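Scroll down for the structure; my scribbles are underneath it.
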Amino acid sequence: MEWLEASTENCPVQISLGVVGEKWTLLILRDACNGVRRFDDFRRHIGLSEAILSNRLRKLTAAGILKTVPYQEPGSRSRNEYRVTRKGWDLWPVLVALKQWGEVYGDDSSEPVLDLRHDECGAPVRVVVECTEGHTELTPSEATAMPGPGARMR
């Protein structure tokens, strides 16, 4: 079976984009991974409407990417903070890859907005593609894509 003969309805990329493929969703996740936890802080930092933020937080929570944790300020009603789950942290390399790509191909700003470094040695962090045998930094020409065992005919 050739790739064009395969159905894309069960494609992992398509399924992933169905959950996190909206701009605001990835920006919320970016902020959550960088320690933002409260609704008003997301709204203020990202600059989106309450309705859109509520909708995206609900979707991320329903998908198990974020979880809610109740908190209460003295004299105020109980509210929820949003915390990244293991499933959410598994998207962190995607965010780092988008950051990396944007620094190369985005606008011409001279300095990175987010400086991501390894705690142990202080070196910048980057994303690379490697095979499961440990061959690091593969290029697209060193990999072959073909329909896998889960592929279905169109």
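How many residues are touching a residue at least 60 places away in the same chain (Cβ under 8 Å), touching a helix residue (DSSP H, G or I) at 6+ places or on another chain (Cβ under 8 Å) and either over 28 Å from L53 (Cα atoms) or not in a helix (DSSP H, G or I) (or both) when one looks only at region 9-30?
Of region 9-30, the ones touching a residue at least 60 places away in the same chain (Cβ under 8 Å) are 9-10, 20, 26, 29-30.
Right, trim to touching a helix residue (DSSP H, G or I) at 6+ places or on another chain (Cβ under 8 Å) and you get 20, 26, 29-30.
The next check asks that each one be either over 28 Å from L53 (Cα atoms) or not in a helix (DSSP H, G or I) (or both); those that pass are none.
Of the residues in region 9-30, 0 are touching a residue at least 60 places away in the same chain (Cβ under 8 Å), touching a helix residue (DSSP H, G or I) at 6+ places or on another chain (Cβ under 8 Å) and either over 28 Å from L53 (Cα atoms) or not in a helix (DSSP H, G or I) (or both).
Can you find, within region 81-117, the residue that is nearest to the chain's Cα centre (by Cα) among those that are more than 22 Å from D41 (Cβ to Cβ) and hydroxyl-bearing (S, T, Y)? My answer is Y105. Among the residues of region 134-151, those that are under 20 Å from Q100 (Cα atoms), in a loop (DSSP other than H, G, I, E, B) and not hydroxyl-bearing (S, T, Y) comprise E137, L138.
One line per residue, one yes/no per condition, for (1) hydrophobic (A, V, I, L, M, F, W, C); (2) more than 24 Å from P93 (Cβ to Cβ); (3) at pLDDT below 95:
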site	(1), (2), (3)
T8	no, no, yes
Q14	no, no, yes
E22	no, no, yes
L27	yes, no, no
R30	no, no, no
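Scanning region 98-133 for residues that are free of Cβ contacts under 8 Å to residues at least 12 places away in the same chain and not in a loop (DSSP other than H, G, I, E, B) yields a total of 7.
The values are calculated or read from the model by the stated rules, or taken from the named source; none is laboratory data. These numbers were taken from a predicted model, which means no experiment stands behind them. Cβ coordinates were reconstructed from backbone atoms using ideal geometry, including for glycine residues, and neighbour counts include every protein chain displayed.
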